[in-house]
Amino acid sequence: VKTEFLRRCQEGGVYAEFVFEVDDIRVNGILRHAAWADVVIVSLTRPPGVDPLSRLGSRINRLLQRCPRPVMVIPEGARSSLSRMLLCYDGSAKSDEALFVAAYLWLRWPCSLTVVTVVTENTPPETLDEARAYLEERGVDRVEYVLKQKPIAEAVLETAVAYDSNLLIMGGFGFGPVKHIMLGSTVDHLLREFKKPMLICR
């Protein structure tokens with residue numbers, strides 16, 4: 001694995017280091033190195049389940065709750081050019097970080113951007129205008145803006161299909177671990193259903 005990883009990085013002109021961890025609790029090994037990185041990229045072989053017990057034992061949930069850096073989750077077998085971004089924006093601090101990342105990627109890469117805001121008790125329609133103003137100030141244009149009604153996860157998935165999105169960018173969990181275990185979250189739902197890479201900002 002190390003030889004192949006380093007060979008591919010060399011071919012791509014990418015500087016890389018390789019660390020092999022032997023860790024029964026794999027999340028801990030990732031977290032030890034995450035503080036020294038800009039982004040953590042992991043494959044997703046087992047999305048969080050629907051029931052509270054499976055969410056309690058979910059490695060990906062533990063990583064997302066504790067990681068100090070944005071996490072890019074790649075579903076097993078996913079292929080993506082990362083060229084059609086979908087940003088989920090609700091005006092929270094975590095979605096603000098996702099907005100900053102989406103603007104940066106748009107300015108650096110040739111890609112399209114769609115922004116979706118789902119109206120809820122805590123997210124008024126004007127929230128989408130905040131995202132528009134931020135992006136326009138930075139010269140991010142040719143953006144599609146979509147306003148949807150809840151349920152949130154279904155609205156995001158519908159938008160992803162409509163715009164053929166192959167990278168989803170969003171903020172992380174909106175409440176603490178105990179409430180998350182009992183109620184689940186939009187992030188869980190999207191991890192189960194969205195089959196392209198997701199960049200989850202903390």
Given a Förster distance of 35 Å, the FRET efficiency implied by the Cβ-Cβ spacing of Tyr104 and Asn28, rounded to the nearest 0.05, works out to 0.75
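Given a cut-off of under 8 Å on Cα pairs at least six residues apart, what relative contact order in percent is computed for the chain? Could you put the intermediate results ahead of the total?
Details: 322 pairs, mean separation 52.8, N = 202.
The normalised contact order for the chain reaches 26 percent.
Which FRET efficiency value, to the nearest 0.05, do you get for Val50 and Cys111 by plugging their Cβ-Cβ distance into 1/(1 + (r/R0)^6) with R0 = 25 Å? Write out the running numbers ahead of the final one.
On the way: r = 33 Å, r/R0 = 1.30.
Efficiency at R0 = 25 Å is approximately 0.15.
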Ellipsoid semi-axes in whole angstrom, largest first, where each is sqrt(5λ) of the Cα gyration tensor of the range 112-157 | 21, 13, 6
In Å and from the alpha-carbon atoms only, list the Rg and Dmax of the chain.
-> 17.2, 52
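Quick check on packing: order 140-146, 76-82 by the mean number of other C-beta atoms within 10 Å, highest mean leading. Before the final figure, lay out the partial values.
Numbers: 140-146: 14.1, 76-82: 11.3.
Order by mean packing, descending: 140-146, 76-82.
What full-extension length gain, to one decimal in nm, is calculated for Thr120 and Ser83 as 0.36 nm per residue of separation minus the Cα-Cα distance? Mind dumping the intermediate values first?
Working: separation 37, 0.36 × 37 = 13.32 nm, distance 2.89 nm.
This chain segment gains 10.4 nm when fully extended.
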Quick shape summary for the range 19-128, equivalent ellipsoid via Cα gyration tensor, semi-axes whole Å in descending order, reads 27, 19, 14
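What does the convex hull of the Cα atoms come to per residue for the range 70-133, in Å³?
Output value, Cα hull per residue: 101 Å³.
Rule-based calculations on the coordinates, nothing more; no lab input. Just so it is clear, the model here is predicted, and its values are computed rather than measured. Every residue, glycine as well, gets a Cβ built from its backbone with ideal geometry; the counts of neighbours run over all protein chains shown.
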